[in-house]
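Remarks on the structure that follows.
The values are calculated or read from the model by the stated rules, or taken from the named source; none is laboratory data. What you are looking at is a predicted structure, and each value in this text was computed from that prediction instead of being measured. Cβ: placed from backbone, ideal geometry, glycine included. Neighbour counts: every protein chain shown.
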Amino acid sequence: MGKRTIVAMPGDGIGKSVLEECIRVLDAAGFEANYVNGDIGWELWCKEGNPLPDRTIKLLEEHKIGLFGAITSKPKDKTAAELAPELQGKGYTYYSPIVTMRQHFNLDICMRPCHTFTGNPLNFIRRTANGGVEEPQIDVMIFRQNTEGLYGGVEWTNPPKQVYDALMTHKKFVDNFAWCPGEELAVSTRIFTKKYVTRIVKAAFEYAKKRGFEKITVCEKPNVIRETSGMMLKVAQEMSKKDYPNIWVEDVNIDAMTMWLTKNPENYNVIVAGNMFGDIVSDAFAGLIGGLGFATSAQFNPESGVCVFEPTHGSAPKYADYETSIVNPIAMINSAVMMLEHIGETVIAEKIKKAVAEVVAEGKTRAYDMMKLKGTQAVINQGAASTRQMADAIIAKL
């Protein structure tokens, strides 16, 4: 089998530096691949009016596997203002390129792991009943429905007449919002479909079955958001009875979950949620294992085979201008580990996972976040490792 071709999409800000170091680690671990650059991000919007050009879509269609750094998205007024002068007033509308990519390729299944690294000074600790301190081991996989819900993009400010008229057929709208003039109304929809709710729930059950876990947790809000959250919970309960009788379904509201995860996070192993709540709970769990410098994700379509792997941190543009990059590359590197596992390169994946774990446990090389320092260029003089030095330490362990 020849070398794989990976679409490398650095994107904006720190995405460029973390992806570069990630590829160095992959090379050092013995993963042989050709990397082709995929254009994506804010600069493309400003210059071309499209932050996800067709040429990048075609690369992903052809090669299937993407490694993605980070993108910058800005509010509506700034997107228009920063568009190139020759493109302004020509009908260009900004949409998040990563959301567009997810919807174009129907990357509906998103997996976000949160695992404790032994020796990480950022790990969550708590007091015991007798006044001592304990550090629970966190091992959770969050399954986030990636293409529907509040991120579906079906929304309006000053909705057109046919939309407004449709809303007026609902008693709750009439009772509570009919007083509001259309031009002062903003509406965002939350759309769930049974097909894709079923796919994400099934993926969660399959993972639980593979790992030997006895339950999955549906993290929604069915007592209030009755139709959409209710659909996910009902699908999970019916699937448990029919196909996975040895795995039971726990129902935990998103607000309660944010409380429980700081009381007993070790009680959760598999969580499934819609787009927004999955985003919230995965970032919350990431905070217990060290923050976004350790938060990884995979998103894929099991039918087309297109998969994109990325850290869940943003582009942090202020850090991109530093003379020496200070950001922690571990999230990006571990996203690449998920890629390796997905394509069957498990030996190399285990080598990298072991090297990362050893660097964290040893504690000799730590990024600024691991030293609990404020993210300024001065951290290099305070003993924090640069992005490259973190990657060097991992490569040395390989």
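Results, tabulated for the structure shown:
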item: Single residue of segment 78-107 satisfying the filter (at pLDDT 90 or above and among the aromatic types (Phe, Trp, Tyr)) that is surrounded by the most Cβ atoms within 10 Å (Cβ to Cβ); result: Phe105
item: When residues of segment 295-341 are limited to those that are assigned to a loop (DSSP other than H, G, I, E, B) and of a type in the set (A, V, I, L, M, F, W, C), the one nearest to the chain's Cα centre (by Cα); result: Ala295
item: Of all residues in segment 213-242 being assigned to a loop (DSSP other than H, G, I, E, B) and of a type outside the set (Phe, Trp, Tyr), the one that is nearest to Asp255 (Cα to Cα); result: Lys221
item: Residue in segment 222-234 that is exposed (fewer than 15 other Cβ atoms within 10 Å of the Cβ), among the hydroxyl-bearing types (Ser, Thr, Tyr), more than 20 Å from Gln137 (Cα to Cα) and at pLDDT 95 or above present; result: no
item: Looking only at segment 127-158, and only at residues there that are more than 24 Å from Ala273 (Cβ to Cβ) and among the charged types (D, E, K, R), the one that is farthest from the chain's Cα centre (by Cα); result: Arg127
item: Near pairs, Cβ below 9 angstrom, 6+ apart or cross-chain, from segment 61-75 (closer than 12 Å to Gly13 by Cβ) to any residue that is among the aliphatic types (A, V, I, L, M) and in a strand (DSSP E or B); result: Gly69/Ala8; Gly69/Met9; Ile71/Met9
item: Segment 178-221, residues that are of a type in the set (Asp, Glu) and outside the structural domain of Thr147 (by TED's automatic domain parsing); result: Glu183, Glu184
item: Any hit, segment 175-184, residues being of a type outside the set (Ser, Thr, Tyr), closer than 22 Å to Ser96 by Cβ and over 19 Å from the mean Cα position of the chain (by Cα); result: no
item: Residue list for segment 39-60, filter: in a loop (DSSP other than H, G, I, E, B) and touching a residue at least 40 places away in the same chain (Cβ under 8 Å); result: Ile40, Gly41, Gly49, Asn50, Pro51, Leu52
